[in-house]
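Quick one: structure below, then a few questions.
Throughout, read-outs are computed from the coordinates displayed, never taken from laboratory work. If you're wondering where the values come from, they're calculated on a predicted model, not measured in any experiment. Ideal geometry is used to build each Cβ from the backbone, glycine not excepted, and the neighbour counts take in all protein chains shown.
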Protein chains: 2
Amino acid sequence: MTTDKPLPRAIVFDVFGSVVDWRTSLIDELTAFGRERGIKADWVKLVDDWRGEYVPSMKRVYKGELPWTRLDDLHRASLEKLVAGQGIRGLTEADLAHMTRGWHRLKPWPDSVAGLTRLKTRFIVAPLSNGNVSLLLNMAKNAGLPWDTVLGSDIFGHYKPSPETYLGAARLLDLEPGEVMMAAAHNGDLKAAQNLGLMTAFFARPTEYGPHQQYDFEATGAWDYVASDIEDLARQLGV
Amino acid sequence: MTTDKPLPRAIVFDVFGSVVDWRTSLIDELTAFGRERGIKADWVKLVDDWRGEYVPSMKRVYKGELPWTRLDDLHRASLEKLVAGQGIRGLTEADLAHMTRGWHRLKPWPDSVAGLTRLKTRFIVAPLSNGNVSLLLNMAKNAGLPWDTVLGSDIFGHYKPSPETYLGAARLLDLEPGEVMMAAAHNGDLKAAQNLGLMTAFFARPTEYGPHQQYDFEATGAWDYVASDIEDLARQLGV
């Protein structure tokens, strides 16, 4: 199938929730880890609360309350706070490091690898994520995500939705913003990208937050492409 | 074959001359281009002189005589100077842009794609090149170079042999310098990397400069690995 709509030169992807299923991955991993290590906790609650700290922790950097801090380090600080708050006992330094690296081992949604592999045949495909380069690279090696290059937030020293990330990606790719398409399961990410002139593609991930999902069940903006998943996006883009 | 020597976690490659054959690629492309466009020139001399401008042009940035300037733009400025100096007539703006983009279309040496593909199964593989990200990315798409990510000089705002490039790569990969191996056909590049604590691998490209090659016929330092080419390096590293 081909399209008569404009095509991008590069497609940059949100990762957490859009390409990988952080919630199921972390719940599965931590549940198994707790069993092996004999450590008791409400791992589901820990994972949901950990993700809950994600935006507030980045906002502290965004507002200048913290100097530039990589997401790995924000994840670690949030984890320590939650472990203390939830009275989880017996975790060693090595355990905390291993748990934090769990974000490097997130599993892709079923369509992600196939969809990206198709898109890569015609377009530059890269993550444009708040994850740091090493996190995204280790995730890609582990999960088989076939990125052409990895655009982590530490390259820009800024988190989305700072303009430095979206425009920095276009600059490094030597493309006009309108030649780059942001693809995400999050309307807010797309709105920020669209405001800066990027093309946009939405696909819903309605189980990202499990029973706690409150929005992003459907496209709420005038995005260039709305797909059911990444394979459907590839189909709509003619690859 | 396995090795009992220490293994790196990531291997970063010099590109121009080490992974791709810039001289033959550009001579072939420009000779065909001149014939098609009916433009007369000594294309071999132009290519050799163009590469001759490479180090001096970066040194102007290195010394602070120029602000940060991407390699694409240095290539373009050098080309304009040489075209004028060699009295090549009839080139349009589009021709000059096309010729400069010739550096995005360089062809790999015969062992490069196979060797990198093998190395990628066990190690992170990335270019660590003076090329800008877009140049390296377009080259990779065109030539089938299977990089895990692309470390271009514009990420660091510095050219090799500035320490910011080698140490910046280790930082983005979240590895110690000693876990990263610089691989190149240039002893000078390896010396700079080794001085900063990186591992090193050498393989000669004795025809890189054609009849003008004056050095780098063999390893001149105590490098961790000395291979005949990238496939042999993969073999020595056990993949």
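Any idea which of (1) part of a helix (DSSP H, G or I); (2) without any contact (Cβ under 8 Å) to a residue 24 or more places away in the chain is the one A:E218 doesn't satisfy?
(1)
May I pose another question? Looking at the structure I just gave you, is B:N138 in a helix (DSSP H, G or I) and either away from every other protein chain (no Cβ under 14 Å) or surrounded by 18 or more Cβ atoms within 10 Å (Cβ to Cβ) (or both)? Steps first, answer last, please.
Working: in a helix (DSSP H, G or I): yes; either away from every other protein chain (no Cβ under 14 Å) or surrounded by 18 or more Cβ atoms within 10 Å (Cβ to Cβ) (or both): yes.
Yes: the conditions hold for B:N138.
Among the helices (runs of 4 or more DSSP H) lying completely within segment A:146-214, list those that include at least 1 residues that are within 14 Å of chain B (Cβ to nearest Cβ).
A:153-156, A:163-173
Of the residues B:G64, B:G38, B:G87, which is within 23 Å of the chain's Cα centre (by Cα) and farther than 23 Å from B:E208 by Cβ?
On the way: B:G38 fails: within 23 Å of the chain's Cα centre (by Cα); B:G87 fails: within 23 Å of the chain's Cα centre (by Cα).
Just a single option satisfies the conditions, and that option is B:G64.
Each row is one residue, and each column tells you yes or no for (1) in contact with a helix residue (DSSP H, G or I) (Cβ under 8 Å, 6 or more places away or on another chain); (2) within 26 Å of B:P127 (Cα to Cα).
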| site | (1), (2) |
| --- | --- |
| A:W43 | yes, no |
| A:L46 | yes, no |
| A:P56 | no, no |
| A:L71 | yes, yes |
| A:E80 | yes, no |
| A:Q86 | yes, no |
| A:T121 | no, yes |
| A:N132 | yes, yes |
| A:G144 | yes, yes |
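Could you say which residue among B:G17, B:G64, B:G87 is surrounded by 18 or more Cβ atoms within 10 Å (Cβ to Cβ) and at positive phi? Let's see the steps before the verdict.
Details: B:G64 fails: surrounded by 18 or more Cβ atoms within 10 Å (Cβ to Cβ); B:G87 fails: surrounded by 18 or more Cβ atoms within 10 Å (Cβ to Cβ).
Going through B:G17, B:G64, B:G87 in turn, just one is surrounded by 18 or more Cβ atoms within 10 Å (Cβ to Cβ) and at positive phi: B:G17.
Let me ask another. Any chance segment A:124-133 includes a residue that's without any contact (Cβ under 8 Å) to a residue 60 or more places away in the chain and within 27 Å of B:N138 (Cβ to Cβ)?
Yes - at least one qualifying residue is present in segment A:124-133.
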